[in-house]
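These notes are about the structure you will find just below.
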Amino acid sequence: MTTCNVCDSTALSGIYESPDNLSITTMNKLIVGKTQVYFCGNCGHLQTSELPNLVEYYAQEYAINLASEDDDQLYKVVNGKPVYRAEHQATVLMSKVKLPARCKVLDYGCAKSPTLRKAMLAHPDIEPFLFDVTDKYIPFWKRFPKMPQWSVHQPNPAWNGTMDVVLSFYALEHVANLREAIGNVKSLLKPGGTFYFLVPNVYENTADFIVADHINHFSASSLRALLQREGFNNIEVDEKAHESAYVVQATLASVVTEDKPASDEIAACREAAIKMADYWKDIVSRIREFEASISEGLVSVYGAGFYGNFIATAMRQPERIQYFVDQNQHLQGIEINGKRIVAPGELPEEVTHLLVGLNPRIAKANIAAISAWHDRALNYFFL
Ligand SMILES: [Zn+2]
């Protein structure tokens, strides 16, 4: 029986199932198995059932992620200047959490820990502690401004009850056993210590709803339920400080106090979740209708990112795709399921139909700006 990862309730309703037997992950990888999304009527949590093939997926992804620096990821361009993700995360952290002199800060599930590294540039007296389940990031840890203490597989038991702050960035959405993870965080904190973390906000970024490797899609109410039940108070859930994420902090308390989740808040979450489910189900049937309408000519997909890959998983006959088209030069020449990614100007004349896999907000303007296609009579499908 399926139970809620947050509150153990069995009052879960299935609200979405991916088409056929394919699911798509954050890194645009396809894996076998159906993505099934459930809503918890008790705490307002959304969760995706864990696919057996995720283990293999993680093993491969860890290898891929090692090639790049996380702090190179662009968060936003502000007044023409790029702001990188780790930099923004460090700024928000320092604005929200008082870091006393020589405070012990642990990054839990840290990977390369770019945010803590950035925070240390402003607070050189932080004592850094790192924990991850894999030892593959040790070369990155050694490049910290001050040599951190680290532990792999399990947090070092000697650290128990000593941490002023435990950090976690984009980890809890992957964790099925939340009780164990939060229990570990609690053991590490000293009484009155701060747990500070970021998780995606699916209600701000609907693509999060269907990614198979995010098994938890938190809401403000399920985050509060999770933390209260584990004995945290002074809970703050900020939906504005970081785009499409919840920035959460809470204090480890000596007594557990649990408020009953507000029923109107849960009803609003349910409504929003069902809307997202309908949005994705509708997209699938629209893709398939367009596909069925093509009797002659060749088909390609614009966009080698998440939406383009989603179109390919939704099609009844993805083998009809001749090419993926993308303007990112780093992707051109690479293949998706044996189909080459080409630049717009390289798309052969025989291609007559193009399914556009771009965020619907910007898709039409982006396509209109492609000068190589101004004289072509392509039949477009927009999400
Ligand atoms: Zn629940």
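List the aspartates and glutamates whose Cα lies under 19 Å from the Cα of LYS104, skipping any in the same chain that are fewer than 8 positions away.
Partners within reach: ASP125, GLU127, ASP132, ASP164.
Cα to Cα, under 24 Å, and not fewer than 8 places away if on the same chain: which lysines meet these conditions relative to LYS260?
Within the straight-line cut-off, LYS260 pairs with LYS186.
Any idea of GLU319's accessible area? Nearest 10 Å², probe 1.4 Å.
Only protein atoms counted, so the area is about 120 Å².
Using a 1.4 Å probe on the protein chains only, how many percent of the accessible area of the chain belongs to carbon and sulfur?
50 percent
Treating only the Cβ of Lys, Arg, Asp and Glu as charged (+1, +1, -1, -1), what charge dipole size does the chain show about its Cα centre? Round to the nearest 20 debye.
Magnitude of the dipole: close to 820 debye.
Which one of PHE197, LEU54, SER285 is farthest out on the positive end of the charge dipole of the chain, using unit charges on Cβ (Lys, Arg +1; Asp, Glu -1) and the Cα centre as origin?
PHE197
Report the charge-dipole magnitude of region 200-324 in Debye, nearest 20, computed about the Cα centre from +1 at each Lys and Arg Cβ and -1 at each Asp and Glu Cβ. Mind dumping the intermediate values first?
Details: 11 positive and 19 negative charges, 65 e Å.
Taking the Cα centre of region 200-324 as origin, the dipole is about 320 debye.
Determine the per residue accessible area of region 113-208 with all protein chains present and a 1.4 angstrom probe, expressed in square angstrom.
40 Å²
Taking the DSSP beta bridges in the chain as the whole, what percent of them are antiparallel, to the nearest 5?
In the chain, DSSP labels about 50 percent of beta bridges as antiparallel.
Nearest 0.05, what FRET efficiency do ASN156 and ASN79 give at R0 = 41 Å with Cβ-Cβ as r?
So the FRET efficiency works out to roughly 0.40.
Hey, quick one: spin label on ASN337, modelled 7 Å out along Cα-Cβ, who in region 306-326 has an amide N within reach, i.e. under 14 Å?
306-325, by backbone N distance to the label point.
Modelling each spin label as a point 7 Å along the Cα-to-Cβ direction, I'd like the GLU319/GLU180 distance in nm, to one decimal.
4.1 nm
Report ³J(HN,Hα) in whole Hz for each residue of region 249-256, in order, from the Karplus equation J = 6.51 cos²θ - 1.76 cosθ + 1.60 where θ = phi - 60°; Gly and Pro get x.
Each residue's phi maps through the Karplus curve to give 9, 7, 10, 6, 9, 8, 10, 8 Hz.
On full extension of the chain, what length is gained from LEU378 through ALA292, given 0.36 nm per residue of separation minus the C-alpha to C-alpha distance?
Net length gain for the segment: 29.3 nm.
Using only helices, what value at 222 nm comes out for the chain when you add -39,500 (n - 2.57) per DSSP H run of length 4 or more and divide by the total residues, to the nearest 500 deg cm²/dmol?
Rounded to the nearest 500, the figure is -8500 deg cm²/dmol.
Taking the Cβ of PRO124 as the centre, find all other residues whose Cβ is under 14 Å away and add up their charges (Lys, Arg: +1; Asp, Glu: -1).
Net charge in that neighbourhood comes out at +2.
Tell me, what ³J(HN,Hα) does each residue in region 297-307 have, in order and in whole Hz, if you take phi through Karplus 6.51 cos²θ - 1.76 cosθ + 1.60 with θ = phi - 60° and put x for Gly and Pro?
My calculation for region 297-307 gives x, 10, 10, 9, 10, 8, x, 9, x, 4, 5 Hz in order.
Mind giving me the FRET efficiency for ALA122 and ALA262? R0 is 51 Å, r the Cβ-Cβ distance, nearest 0.05 is fine. Working shown, then result.
Values: r = 38 Å, r/R0 = 0.74.
According to the calculation, E is roughly 0.85.
Roughly what % of Cα-Cα distances in the chain sit above 35 Å, to the whole percent?
Considering the chain, 32 percent of its Cα-Cα pairs are separated by more than 35 Å.
Report, by chain and number, residues whose modeled amide H sits under 5 Å from the one on ALA241, excluding near sequence neighbours (fewer than 5 apart, same chain).
Residues meeting the criterion, in which the H sits 1.01 Å from N, are VAL247.
Arranged from highest to lowest average of other beta-carbon atoms within 10 Å per residue, in what order do the peptides 164-175, 2-13 appear?
164-175, 2-13
How large are Rg and Dmax for region 245-306 when only the alpha carbon atoms are used, in Å?
According to the Cα coordinates of region 245-306, Rg and Dmax are 21.8, 69 Å.
So what are the ³J(HN,Hα) numbers for region 117-125, from phi and the Karplus equation (6.51, -1.76, 1.60; θ = phi - 60°), rounded to whole Hz, Gly and Pro as x?
Whole-Hz 3J(HN,Hα) from phi for region 117-125: 4, 5, 4, 5, 5, 8, 10, x, 8.
Could you tell me which residue out of ALA90, GLN228, VAL175 lies farthest along the dipole of the chain toward its positive end? Charges go on the beta carbon: Lys and Arg +1, Asp and Glu -1, centred on the Cα centre.
ALA90
In region 281-378, with Lys and Arg counted as +1 and Asp and Glu as -1 at Cβ, which of these residues, ALA377, LEU331, ASN309, has the Cα nearest the positive end of the dipole, that is, farthest along it?
My answer, from the dipole projection, is ASN309.
The values are calculated or read from the model by the stated rules, or taken from the named source; none is laboratory data. Quick caveat, the model's predicted, so the values are computed rather than measured. Every residue, glycine among them, receives a Cβ derived from its backbone with ideal geometry; neighbour counts consider all protein chains shown. The accessibility values were calculated without ligands, DNA or RNA, using every heavy atom of the protein model including side chains. Shrake-Rupley method; radii C 1.70, N 1.55, O 1.52, S 1.80 Å.
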